[in-house]
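Once you've had a glance at the structure underneath, I'll fire off some questions.
The values are calculated or read from the model by the stated rules, or taken from the named source; none is laboratory data. It should be emphasised that the depicted structure is a prediction, and the values quoted were computed from it without experimental measurement. Reconstructed Cβ throughout: ideal geometry from the backbone, glycine too, with neighbour counts over all protein chains shown.
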Amino acid sequence: MCAVQNEILQFHVPTRPLAPRPQADLQENSPRRQRGTISRRQKYKAAVAVAVEKCADDTKGQTCYICTEAVHWKTKEGLVRGCACRGTAGFVHVSCLAEQAKILVAEGEENNLDDDRFMPRWNRWHTCSLCKQKHHGVVACALGWACWKTYVGRSETVTSDEVVLLAMNLLGGGLGDANQNEDALIVREAELAMWQRLGHSESNMLVVQSNLASTYQELKRYDESLRMRREVYSRKVKLLGGEHEKTILEAANYANCLGGLQRHAEAKALLRKVVPVARRVLGDNHQITLTMRGYYAEALFNDNGATLEEIRVAVTTIDETVRTARQMLGFSHPLAVALGENLRIMRAALHAREETATGST
């Protein structure tokens, strides 16, 4: 089954201080703060090491497009690539990506930029500036830890609750991308509790609940995920309308959850209604559209009552989707890999089914 899609929070970060904390925690050399800083640094270094090792075969002989070196001058880390860049593009050090994002966000905070100008700066924490696709897998996880250690624990008054929430959102998504779902659950539940305490907008609250539902789903807690998915989808339709990108994404995740519960007829009914909307509003090449078409093929294929013709439609659908995903995202992108594996399984099953049908006649 293709992975669920997480949402990234989108809001401006005002330059106001966090809620009051115990003075001991704000002292630069307090034991509690020192322990937290050391832990964050250790987890960040470990995540970077995992990302570099995972990307080692792909990055041989390449240099960072930011610093132009193969090995980072300070951290001595190697290169990674976790976006949709291909050829010789997109090779980079996690530390260079983090430093670039940190500088851009600091400038945005200092100049008190409005939403439209601030968020593109923040998005550099999770989106490649070259191919404009989100970083994924272990690279996203390393960037999540980089962001978390950058903004959590700062005592400066420019730090806000909102920037902590943005960092928490990014870390939760990165942990999920790296299949560290138990850790992601801890972050997602803490994120939801913080949102409930602060009482922010319904739109962003729905993003947080949707991401928590995704984590439940990855942990096979389908009943909990489905209850939350159903509520969030209904509220997004009312709040944003059925053709908003966030509503379409939620429909995709809702259908995927139904599939996990083997409720394929319901998944097919939902996707038959929403896939045409996604294709019209987002386009055939959009990642959400490709994901939804993959879910629809799975629902057709996995339905116990599927006819031979429905299995053929499923194979044709996912074959077209795989080719588009590889063209748009690259062969190594997680979505392209998952779709390709599903295509292999479906083709084999279709071949066996057709041979059985031929033999029976």
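Considering only residues of the stretch 188-212 that are touching a residue at least 60 places away in the same chain (Cβ under 8 Å) and surrounded by 15 or more Cβ atoms within 10 Å (Cβ to Cβ), which is nearest to Met228 (Cα to Cα)?
Step by step, filter the stretch 188-212, then rank; the result is Ser210.
What number of residues in the stretch 50-66 are part of a helix (DSSP H, G or I), out of contact with any Lys or Arg (no Cβ under 8 Å at 6 or more places or on another chain) and free of Cβ contacts under 8 Å to residues at least 60 places away in the same chain?
Matching residues across the stretch 50-66 total 4.
Restricted to the stretch 165-223, and to residues that are among the polar types (S, T, N, Q) and assigned to a loop (DSSP other than H, G, I, E, B), which residue is nearest to Lys246 (Cα to Cα)?
Ser201
Can you tell me which residue among Arg279, Arg263, Arg272 is at pLDDT 95 or above and either aromatic (Phe, Trp, Tyr) or more than 19 Å from Gly305 (Cβ to Cβ) (or both)? Write out each step before concluding.
Working: Arg263 fails: either aromatic (Phe, Trp, Tyr) or more than 19 Å from Gly305 (Cβ to Cβ) (or both); Arg272 fails: either aromatic (Phe, Trp, Tyr) or more than 19 Å from Gly305 (Cβ to Cβ) (or both).
None of the others qualify; the one that does is Arg279.
I want to confirm something. Restricting to the stretch 303-352 and keeping residues that are more than 29 Å from the chain's Cα centre (by Cα) and polar (S, T, N, Q), which single residue is modelled with the highest pLDDT?
Thr307
Give the stretch 67-95 a look and list any residue that's assigned to a loop (DSSP other than H, G, I, E, B), within 18 Å of Cys128 (Cβ to Cβ) and among the polar types (S, T, N, Q), or say none.
Thr68, Thr88
Related question: Restricting attention to the stretch 306-351, which residues are touching a His at 6+ places or on another chain (Cβ under 9 Å) and surrounded by fewer than 17 Cβ atoms within 10 Å (Cβ to Cβ)?
Pro334
Could you tell me which residue of the stretch 338-361 is farthest from Val322 (Cα to Cα), considering only residues that are touching a helix residue (DSSP H, G or I) at 6+ places or on another chain (Cβ under 9 Å) and of a type in the set (Gly, Ala, Ser)?
Looking at the filtered set, the residue picked out is Ala357.
What is the number of the single condition among (1) modelled with pLDDT under 95; (2) under 22 Å from Ile345 (Cα atoms) that Leu300 does not meet?
Here Leu300 meets the rest and fails (1).
Which of (1) among the polar types (S, T, N, Q); (2) under 22 Å from Ser95 (Cα atoms); (3) out of contact with any strand residue (DSSP E or B) (no Cβ under 8 Å at 6 or more places or on another chain); (4) modelled with pLDDT of 95 or more is the odd one out, the single condition Asn181 does not satisfy?
Only one criterion in (1) among the polar types (S, T, N, Q); (2) under 22 Å from Ser95 (Cα atoms); (3) out of contact with any strand residue (DSSP E or B) (no Cβ under 8 Å at 6 or more places or on another chain); (4) modelled with pLDDT of 95 or more is unmet by Asn181, namely (2).
Also: Within the stretch 218-277, how many residues turn out to be on the phi > 0 side of the Ramachandran plot and either touching a Lys or Arg at 6+ places or on another chain (Cβ under 9 Å) or among the polar types (S, T, N, Q) (or both)?
Result for the stretch 218-277: 1.
Only one of Ala70, Ala101 is crowded, with 18+ Cβ neighbours inside 10 Å and more than 23 Å from Arg326 (Cα to Cα). Can you tell me which?
After ruling out the rest, the residue left standing is Ala101.
Let me ask something additional. Out of all the residues in the stretch 242-257, which are touching a residue at least 40 places away in the same chain (Cβ under 8 Å) and either surrounded by 15 or more Cβ atoms within 10 Å (Cβ to Cβ) or within 15 Å of Leu300 (Cα to Cα) (or both)?
Once the filter is applied, which keeps residues that are touching a residue at least 40 places away in the same chain (Cβ under 8 Å) and either surrounded by 15 or more Cβ atoms within 10 Å (Cβ to Cβ) or within 15 Å of Leu300 (Cα to Cα) (or both), the stretch 242-257 yields Lys246, Ile248, Leu249, Glu250, Ala251, Ala252, Asn253, Ala255, Asn256, Cys257.
Tyr254 - would you say it is touching a Phe, Trp or Tyr at 6+ places or on another chain (Cβ under 7 Å) and of a type outside the set (Lys, Arg)? Show your work before the answer.
On the way: touching a Phe, Trp or Tyr at 6+ places or on another chain (Cβ under 7 Å): yes; of a type outside the set (Lys, Arg): yes.
Yes, satisfied.
Name every residue in the stretch 72-117 that is of a type in the set (Lys, Arg), touching a Ser or Thr at 6+ places or on another chain (Cβ under 7 Å) and closer than 22 Å to Phe331 by Cβ, in order of residue number.
Result: Arg81, single match.
Out of the residues in the stretch 214-238 meeting the condition of being closer than 24 Å to Ser201 by Cβ, of a type in the set (Lys, Arg) and touching a residue at least 12 places away in the same chain (Cβ under 8 Å), tell me which one is surrounded by the most Cβ atoms within 10 Å (Cβ to Cβ).
Checked the stretch 214-238; the qualifying residue surrounded by the most Cβ atoms within 10 Å (Cβ to Cβ) is Arg229.
Another question, then. For the list (1) free of Cβ contacts under 8 Å to residues at least 40 places away in the same chain; (2) closer than 19 Å to Ile248 by Cα, I need the number of the one condition that Glu298 fails.
(1)
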